[in-house]
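The values are calculated or read from the model by the stated rules, or taken from the named source; none is laboratory data. Small disclaimer: the values here were computed from a predicted structure and weren't measured. Note that we place each Cβ from the backbone using ideal geometry, even for glycine, and neighbour counts take in every protein chain shown. Accessible surface is based on the protein model in full, side chains and every heavy atom, while ligands, DNA and RNA are left aside. Shrake-Rupley method; radii C 1.70, N 1.55, O 1.52, S 1.80 Å.
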Amino acid sequence: MRTTGEQPGQEPASPDDLLTLGEVIARTGVAASALRFYESKGLIFAERNEGNQRLYRRHMLRRISLILVAKRLGIHLADVAGIFVTLPTDRAPSHEDWERVSRSWKQDLEHRRRYVENLEHQLIGCIGCGCLSMRACGLLNPDDDLGKRGPGPVRLDEASR
Ligand code: FES
């Protein structure tokens with residue numbers, strides 16, 4: 001079992017090579033604290049050597065890359081965890097895995113884009129209005145959600161609890 005990063009003149013890297021924490025940090029730019037956090041959330045996995053040092057299979061770099069992409073896309077870590085349970089843990093995600101994940105995240109982006117467009121549309125209706133009415137303003141009280149929670153100053157009641 002090799003515990004080395006790729007270096008000139010060495011045999012080709014294997015996905016099962018073990019990388020030290022420092023090597024993973026150097027390759028990904030991710031801080032040790034973040035790696036430990038991802039590990040605690042079950043997003044990546046480490047093994048321990050006799051000295052109790054963390055060692056990561058090289059194929060974990062792909063998972064870390066996916067986490068970084070998800071972060072850039074604004075995907076919540078809980079959603080990343082949800083899709084990661086469908087990925088293999090004993091090898092790097094395949095091309096098909098990545099295609100499935102990226103399709104799912106594209107859908108997520110589309111939902112968020114539609115949500116922001118809807119907010120923008122409502123905001124346009126508020127420009128120049130200024131009523132900030134609990135009944136009339138869709139931004140303040142979308143779909144009259146407050147009305148469904150009963151009469152009176154619902155938000156003040158909730159804040160005092
Ligand atoms: S401020 Fe009047 S509708 Fe939003």
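I'd like the residue in segment 114-123 that is within 16 Å of the ligand (Cβ to nearest atom) and open to solvent by 100 Å² or more (accessible area, probe 1.4 Å) and, out of all such residues, is farthest from residue 79 (Cα to Cα).
Within segment 114-123, the match that is farthest from residue 79 (Cα to Cα) is 121.
I need the full set of residues from segment 33-52 which are part of a loop (DSSP other than H, G, I, E, B) and of a type in the set (Gly, Ala, Ser), in order please.
Within segment 33-52, 42, 46, 51 meet the criteria.
What's the number of the condition residue 56 fails, among (1) of a type outside the set (Val, Ile, Thr); (2) assigned to a helix (DSSP H, G or I); (3) modelled with pLDDT of 95 or more?
(2)
Could you identify the single residue in 85, 101, 116 that is modelled with pLDDT of 90 or more and over 30 Å from residue 57 (Cα atoms)?
Of 85, 101, 116, the one residue that is modelled with pLDDT of 90 or more and over 30 Å from residue 57 (Cα atoms) is 116.
Restricting segment 124-135 to residues that are near the ligand (Cβ under 8 Å from one of its atoms) and either over 21 Å from residue 149 (Cβ atoms) or part of a helix (DSSP H, G or I) (or both), which is least open to solvent (accessible area, probe 1.4 Å)?
Going through the qualifying residues, I end up with 126.
Take the conditions without any contact (Cβ under 8 Å) to a residue 60 or more places away in the chain, exposed (fewer than 11 other Cβ atoms within 10 Å of the Cβ) and within 16 Å of the ligand (Cβ to nearest atom) and apply them to residue 111. Does it pass?
Considered against the rule, which asks whether it is without any contact (Cβ under 8 Å) to a residue 60 or more places away in the chain, exposed (fewer than 11 other Cβ atoms within 10 Å of the Cβ) and within 16 Å of the ligand (Cβ to nearest atom), residue 111 comes out as no.
With respect to residue 146, is the statement that it is open to solvent by 70 Å² or more (accessible area, probe 1.4 Å), aliphatic (A, V, I, L, M) and within 16 Å of the ligand (Cβ to nearest atom) true?
The answer is no for residue 146.
Answer with yes or no whether residue 75 is in contact with a Phe, Trp or Tyr (Cβ under 7 Å, 6 or more places away or on another chain), assigned to a loop (DSSP other than H, G, I, E, B), surrounded by 14 or more Cβ atoms within 10 Å (Cβ to Cβ) and aliphatic (A, V, I, L, M).
Taking the combined requirement at face value, the residue satisfies it.
Quick one: would you say residue 30 is in contact with a helix residue (DSSP H, G or I) (Cβ under 7 Å, 6 or more places away or on another chain), β-branched (Val, Ile, Thr), surrounded by 15 or more Cβ atoms within 10 Å (Cβ to Cβ) and in a loop (DSSP other than H, G, I, E, B)?
yes
I need the full set of residues from segment 79-108 which are in contact (Cβ under 8 Å) with a residue 24 or more places away in the chain and open to solvent by less than 80 Å² (accessible area, probe 1.4 Å), in order please.
Within segment 79-108, 79, 80, 81, 84, 87, 89, 92, 93, 101, 105, 108 qualify.
Given the condition crowded, with 16+ Cβ neighbours inside 10 Å and among the hydroxyl-bearing types (Ser, Thr, Tyr), answer yes or no: does some residue in segment 58-68 qualify?
There is at least one residue in segment 58-68 that is crowded, with 16+ Cβ neighbours inside 10 Å and among the hydroxyl-bearing types (Ser, Thr, Tyr).
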